[in-house]
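The values are calculated or read from the model by the stated rules, or taken from the named source; none is laboratory data. As the structure is a prediction and not an experimental result, all values here were calculated from the model. So basically every Cβ, Gly included, is an ideal-geometry build from the backbone, and we count neighbours across all protein chains shown. Note: areas computed on protein heavy atoms with side chains; ligands, DNA, RNA excluded. Shrake-Rupley method; radii C 1.70, N 1.55, O 1.52, S 1.80 Å.
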Amino acid sequence: MSQNLKSYTRGWPSLAAVVATSILVAHCSDLSGRDKLEAPTFSNLIVVMIDTLRSDYLSSYGGHESSGEFLAQLATEGIQLQGYSASSWTRPSVATLLTGLYPQRHQVLSRDDALAIRTPYLPEMLRDNGVQTAALVTNGNVSRLFGFARGFDLFRTEMGAGKPKAKTAVNRALELAEQFSPPFFFYIHLMDPHTPYLPDNLPGKPDVSYPAYIQPQQVLRGEVEFNKENVTRLKSQYLGEIQEMDPHLERLMSELDHMGLLEDTLVIVTSDHGEEFNDHGGLGHGFTLYEEMLRVPMILWAKNGITPRRSEATFHQVDFAPTVLAALGQPLPDSMDGQSRWVSILGENPQSSRDHLFHLDLDDAKAEAMNQEAMKLIRQIESSEVELFDLGSDPLEKVDLATDRPTVDRLDQQLRDLTRELEEAQYDSDHVEPTHSVREQLEALGYLGDD
């Protein structure tokens, strides 16, 4: 399948062709007895979404050796892929994850956009097929207000004026889990690596704690000097949040196992987007489409039924919903842009997602990007300015190759053509105003107001 799609050298296949081919492959996998033997299905699914977790800060992805020790254990015992988010902020990324649609189709793009009721939605599909669905949400961007509660039998939010920590979120998640009976789908959204970075102590410096910390917003407002030392402090605080979250994730899994809820259950740990620490002159997220914003963990784990392996193969969020539907033995709809990767993931050499597509529309930041093989094009929507990078030789995107006009023109035209096709088949999003409680939390997280 991947090789067939890559054979389009003069442009992307039409949207209809992509969807039709994806469905054909998925259904062939479902109907083939041989594939059934190679790709067992599970009754239950647990998705742990760790907000703002860039993969290269985890030891299993080559990051700090003491970061995410339990996450590293899950990666060792399961399947680790290189995940890619569809955008660099929460709402459009989670919308893509749970719809199997690119942002240009689901149209949850900017601050006041909410999922429309017509949009295909994974929790609704599972519930309609007899699966109990539940969510513990700690980010207002994924709240009932913005349409994300649709299809969930149990939908609990834990927000308040600040950032919920993993200890509290895990406690609430376990309370919800007491009501489960298989088959079930459980979505858990943890916030710890998101700003404000407030670990109990800095890694290796137990005498340094809040309120001595600084935050990206202070640096960007000029209240704290933007220098190497302060960027290092921010990185340390971010790492501290990951380290302190990790044992609570272990506690979550241990308690769920004690409750018998990990039997015949696929667990997936991922993130909605990454974070920048002066990689390209900025801090935080939601304003560019560089790799530090898009590369996220994708770890699949189960007590039995999958062979552990670590692969550099990429996994784009648009493929998530069709893949987990296949993993649960559920029918695949004809409405998704993504394709099931389930059979490939379980193979000895998992194939990468087809060419990636990304979108950003948050305040003044409006950009699109795509990569074909190793070449990645980023285009600013309003100015049409472009950047071109060879991720094979320049994975940190330091050398702009935009002077290569033939490659730029080819990729830019393909990006424009694909975007046009997606927008012609788009769903209409709803538009809402944040409630007081949601606005209060989004302001605390830096999404609204002067921050």
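For this structure, a couple of remarks:
- Å² per residue, accessible surface of segment 81-152 at 1.4 Å: 19 Å²
- Coil-residue GluC sites (Glu not before Pro) of segment 37-81, DSSP, other Cβ within 10 Å capped at 16: 65
- Here the label points at residue 77 and residue 41, each 7 Å from Cα along the C-beta direction, are separated by 2.6 nm in the simple model.
- Computed with a 1.4 Å probe over protein heavy atoms only, the accessible surface of segment 194-252 comes to 50 Å² per residue.
- Each residue of segment 208-214 was assigned a 3J(HN,Hα) from its phi angle through the Karplus curve 6.51 cos²θ - 1.76 cosθ + 1.60 (θ = phi - 60°); the sequence is 10, 8, 4, x, 6, 6, 10 Hz, with glycine and proline shown as x.
- Of all DSSP beta bridges in the chain, antiparallel share, percent nearest 5: 55 percent
- Extension gain, residue 304-residue 255: 0.36 nm per intervening residue step, less the Cα-Cα distance, totals 15.9 nm.
- Dipole magnitude (debye, nearest 20) for the chain, charges at Cβ of Lys, Arg, Asp, Glu: 760 debye
- Mean residue ellipticity, 222 nm, helices only, the chain: the sum of -39500 (n - 2.57) across DSSP H runs of n ≥ 4, divided by residue count and rounded to 500, is -10000 deg cm²/dmol.
- Farthest positive-ward along the chain dipole, Cα basis, beta-carbon charges - from 135, 43, 170: 43
- Overall, the accessible surface of segment 106-146 at a probe of 1.4 angstrom is composed of carbon and sulfur to the extent of 45 percent.
- Amide H contacts under 5 Å for residue 315: 82, 83, 84, 353, restricted to partners 5 or more places along the chain or on a different chain, H placed in the peptide plane at 1.01 Å from N.
- Coupling constants for segment 129-146 follow from the phi torsions by the Karplus curve (6.51 cos²θ - 1.76 cosθ + 1.60, θ = phi - 60°), and in residue order they are 9, x, 9, 6, 10, 8, 9, 10, 10, 10, 10, x, 5, 10, 8, 4, 3, 9 Hz; glycine and proline get x.
- Long-range HN-HN contacts of residue 135 with modeled amide H, under 5 Å: 154, 155, 156, 187
- Surface analysis of segment 273-347 yields an accessible area of 27 Å² per residue, using protein heavy atoms and a 1.4 Å probe.
- Apportionment of accessible area to carbon and sulfur, segment 159-236, percent (1.4 Å): 49 percent
- Carbon/sulfur fraction of accessible area - segment 325-407, other protein chains in place, 1.4 Å, %: 48 percent
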